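Student: Questions regarding the structure given below will be posed in turn.
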Amino acid sequence: MDIAALQPNGYKAMLGLENYIRNTHLQPTHRELIKIRASLINGCAFCIDMHTKEALQLGETQQRIFVLSAWRETNLFSEEEQAILEMTEEITLIHQKGLTSETYNKAKQFFDDNYIAQIIMAINIINAWNRIAISTHMEIGK
(Lines give C-alpha, C1' and ligand atoms only; values in the text may rest on other atoms or scores of the structure.)
Protein backbone atom coordinates (compact mmCIF):
# COMPACT_ATOMS: atom_id res chain seq x y z
CA MET A 1 0.00 0.00 0.00
CA ASP A 2 1.29 3.44 -0.90
CA ILE A 3 -0.07 5.41 2.03
CA ALA A 4 1.60 8.62 0.84
CA ALA A 5 -0.45 8.46 -2.38
CA LEU A 6 -3.66 7.34 -0.68
CA GLN A 7 -3.49 9.80 2.21
CA PRO A 8 -1.27 12.65 1.03
CA ASN A 9 -2.44 15.13 3.65
CA GLY A 10 -1.80 12.71 6.51
CA TYR A 11 1.58 11.75 5.10
CA LYS A 12 2.46 15.41 4.63
CA ALA A 13 1.54 16.01 8.28
CA MET A 14 3.89 13.19 9.32
CA LEU A 15 6.66 14.73 7.22
CA GLY A 16 5.94 18.01 8.99
CA LEU A 17 6.55 16.31 12.34
CA GLU A 18 9.78 14.87 10.98
CA ASN A 19 10.89 18.30 9.79
CA TYR A 20 9.96 19.78 13.16
CA ILE A 21 12.12 17.28 15.09
CA ARG A 22 15.07 17.81 12.72
CA ASN A 23 14.95 21.53 13.53
CA THR A 24 14.97 21.20 17.32
CA HIS A 25 18.04 21.29 19.52
CA LEU A 26 18.01 17.48 19.72
CA GLN A 27 21.50 16.30 18.79
CA PRO A 28 21.49 14.26 15.56
CA THR A 29 23.19 11.32 17.30
CA HIS A 30 20.55 11.33 20.03
CA ARG A 31 17.81 11.49 17.40
CA GLU A 32 19.21 8.49 15.51
CA LEU A 33 19.72 6.42 18.68
CA ILE A 34 16.05 7.02 19.50
CA LYS A 35 14.95 6.05 16.00
CA ILE A 36 17.05 2.90 15.85
CA ARG A 37 16.18 1.68 19.35
CA ALA A 38 12.43 2.23 18.94
CA SER A 39 12.52 0.57 15.53
CA LEU A 40 14.37 -2.43 16.97
CA ILE A 41 11.74 -2.79 19.70
CA ASN A 42 8.90 -2.49 17.18
CA GLY A 43 10.55 -4.79 14.64
CA CYS A 44 10.43 -2.26 11.81
CA ALA A 45 13.01 -3.44 9.26
CA PHE A 46 12.35 -0.48 6.96
CA CYS A 47 13.12 2.06 9.70
CA ILE A 48 16.05 0.08 11.12
CA ASP A 49 17.63 0.02 7.66
CA MET A 50 17.02 3.73 7.07
CA HIS A 51 18.18 4.99 10.44
CA THR A 52 21.26 2.81 10.82
CA LYS A 53 22.42 4.16 7.45
CA GLU A 54 21.70 7.72 8.56
CA ALA A 55 23.52 7.15 11.86
CA LEU A 56 26.57 5.81 10.04
CA GLN A 57 26.57 8.89 7.81
CA LEU A 58 26.57 11.03 10.98
CA GLY A 59 29.67 9.20 12.20
CA GLU A 60 28.03 6.66 14.49
CA THR A 61 30.10 3.48 14.85
CA GLN A 62 29.01 0.08 13.64
CA GLN A 63 29.91 -1.38 17.02
CA ARG A 64 27.45 0.86 18.89
CA ILE A 65 24.72 0.13 16.37
CA PHE A 66 25.37 -3.62 16.60
CA VAL A 67 24.99 -3.66 20.40
CA LEU A 68 22.15 -1.16 20.69
CA SER A 69 19.64 -3.87 21.63
CA ALA A 70 21.89 -4.76 24.58
CA TRP A 71 23.00 -1.23 25.50
CA ARG A 72 22.68 -1.94 29.24
CA GLU A 73 25.34 -4.63 28.94
CA THR A 74 28.00 -2.32 27.50
CA ASN A 75 29.97 0.75 28.47
CA LEU A 76 29.69 2.18 24.95
CA PHE A 77 26.93 4.68 25.72
CA SER A 78 27.26 7.79 27.86
CA GLU A 79 25.01 8.36 30.86
CA GLU A 80 23.05 10.90 28.81
CA GLU A 81 22.56 8.38 26.02
CA GLN A 82 21.54 5.72 28.53
CA ALA A 83 18.86 8.06 29.88
CA ILE A 84 17.59 8.65 26.34
CA LEU A 85 17.58 4.93 25.56
CA GLU A 86 15.69 4.16 28.76
CA MET A 87 13.13 6.84 27.91
CA THR A 88 12.83 5.39 24.41
CA GLU A 89 12.13 1.92 25.75
CA GLU A 90 9.64 3.01 28.39
CA ILE A 91 7.68 5.24 26.02
CA THR A 92 7.78 2.74 23.14
CA LEU A 93 6.59 0.01 25.53
CA ILE A 94 4.13 2.39 27.20
CA HIS A 95 1.69 -0.42 27.99
CA GLN A 96 4.19 -1.90 30.47
CA LYS A 97 4.68 1.04 32.84
CA GLY A 98 5.09 4.18 30.81
CA LEU A 99 7.77 6.74 31.46
CA THR A 100 8.67 6.20 35.09
CA SER A 101 9.49 8.97 37.52
CA GLU A 102 12.87 7.34 38.06
CA THR A 103 13.78 7.52 34.39
CA TYR A 104 12.39 11.04 34.03
CA ASN A 105 14.39 12.23 37.04
CA LYS A 106 17.52 10.62 35.65
CA ALA A 107 17.00 12.50 32.37
CA LYS A 108 16.54 15.74 34.36
CA GLN A 109 20.11 15.31 35.62
CA PHE A 110 21.37 15.79 32.07
CA PHE A 111 18.72 17.74 30.16
CA ASP A 112 16.42 20.70 30.66
CA ASP A 113 12.65 20.39 30.25
CA ASN A 114 12.70 21.58 26.63
CA TYR A 115 15.26 18.95 25.63
CA ILE A 116 13.29 16.25 27.46
CA ALA A 117 10.15 17.37 25.62
CA GLN A 118 12.04 17.09 22.32
CA ILE A 119 13.20 13.58 23.27
CA ILE A 120 9.59 12.61 24.02
CA MET A 121 8.41 14.06 20.71
CA ALA A 122 11.15 12.23 18.79
CA ILE A 123 10.20 8.94 20.44
CA ASN A 124 6.55 9.39 19.56
CA ILE A 125 7.28 10.41 15.98
CA ILE A 126 9.41 7.34 15.25
CA ASN A 127 6.83 5.08 16.88
CA ALA A 128 4.22 6.53 14.52
CA TRP A 129 6.54 5.99 11.54
CA ASN A 130 7.21 2.41 12.67
CA ARG A 131 3.49 1.70 12.78
CA ILE A 132 2.96 3.19 9.32
CA ALA A 133 5.87 1.26 7.80
CA ILE A 134 4.92 -2.06 9.40
CA SER A 135 1.19 -1.84 8.70
CA THR A 136 1.73 -0.87 5.05
CA HIS A 137 4.50 -3.42 4.54
CA MET A 138 7.09 -0.88 3.42
CA GLU A 139 10.07 -2.70 1.93
CA ILE A 140 13.70 -1.86 2.35
CA GLY A 141 15.04 -0.01 -0.65
CA LYS A 142 11.68 1.29 -1.85
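The values are calculated or read from the model by the stated rules, or taken from the named source; none is laboratory data. Please read all numbers here as calculations on a predicted model, not as lab measurements. No Cβ is skipped: glycine too gets one built from the backbone with ideal geometry, and neighbour counts run over all protein chains shown.
Student: Confirm whether Lys53 is in contact with a His (Cβ under 7 Å, 6 or more places away or on another chain), at pLDDT 95 or above and charged (D, E, K, R). Show your work before the answer.
Tutor: Details: in contact with a His (Cβ under 7 Å, 6 or more places away or on another chain): no; at pLDDT 95 or above: yes; charged (D, E, K, R): yes.
In short, no.
Student: Could I ask something else about it? Examine the range 5-12 for a residue that is of a type in the set (D, E, K, R), on the phi < 0 side of the Ramachandran plot and surrounded by 15 or more Cβ atoms within 10 Å (Cβ to Cβ), and state whether such a residue exists. Break it down stepwise before answering.
Tutor: Going residue by residue through the range 5-12, those that are of a type in the set (D, E, K, R) are 12.
So of that shortlist, the ones also on the phi < 0 side of the Ramachandran plot come out as 12.
After this cut, where a residue has to be surrounded by 15 or more Cβ atoms within 10 Å (Cβ to Cβ) as well, the list is none.
No, that holds for no residue.
Student: If you don't mind, there's one more thing I want to ask. Among the residues of the range 78-85, is there at least one that is of a type outside the set (Asp, Glu) and surrounded by fewer than 15 Cβ atoms within 10 Å (Cβ to Cβ)? It would help to see each step written out before you state the result.
Tutor: As a first pass, look at the range 78-85 and keep what is of a type outside the set (Asp, Glu): 78, 82-85.
Okay, now just the ones that are also surrounded by fewer than 15 Cβ atoms within 10 Å (Cβ to Cβ), so 78.
Scanning the range 78-85, I find at least one residue that is of a type outside the set (Asp, Glu) and surrounded by fewer than 15 Cβ atoms within 10 Å (Cβ to Cβ), so the answer is yes.
Student: When you check Leu99 against the structure, is it without any contact (Cβ under 8 Å) to a residue 60 or more places away in the chain and assigned to a helix (DSSP H, G or I), yes or no? If you could, list the steps in order and put the result at the bottom.
Tutor: On the way: without any contact (Cβ under 8 Å) to a residue 60 or more places away in the chain: yes; assigned to a helix (DSSP H, G or I): no.
When the stated conditions are applied, Leu99 does not pass them.
Student: Still on this structure, I have one more. Taking the range 3-52, which residues are within 21 Å of Ala83 (Cβ to Cβ), in contact (Cβ under 8 Å) with a residue 12 or more places away in the chain and not in a helix (DSSP H, G or I)?
Tutor: Thr24, His25, Leu26
Student: Here are Thr88, Thr74: which of them is loosely packed, with under 15 Cβ neighbours inside 10 Å and either among the polar types (S, T, N, Q) or closer than 16 Å to Thr24 by Cβ (or both)?
Tutor: On the way: Thr88 fails: loosely packed, with under 15 Cβ neighbours inside 10 Å.
Step by step, each of Thr88, Thr74 is checked, and only Thr74 is loosely packed, with under 15 Cβ neighbours inside 10 Å and either among the polar types (S, T, N, Q) or closer than 16 Å to Thr24 by Cβ (or both).
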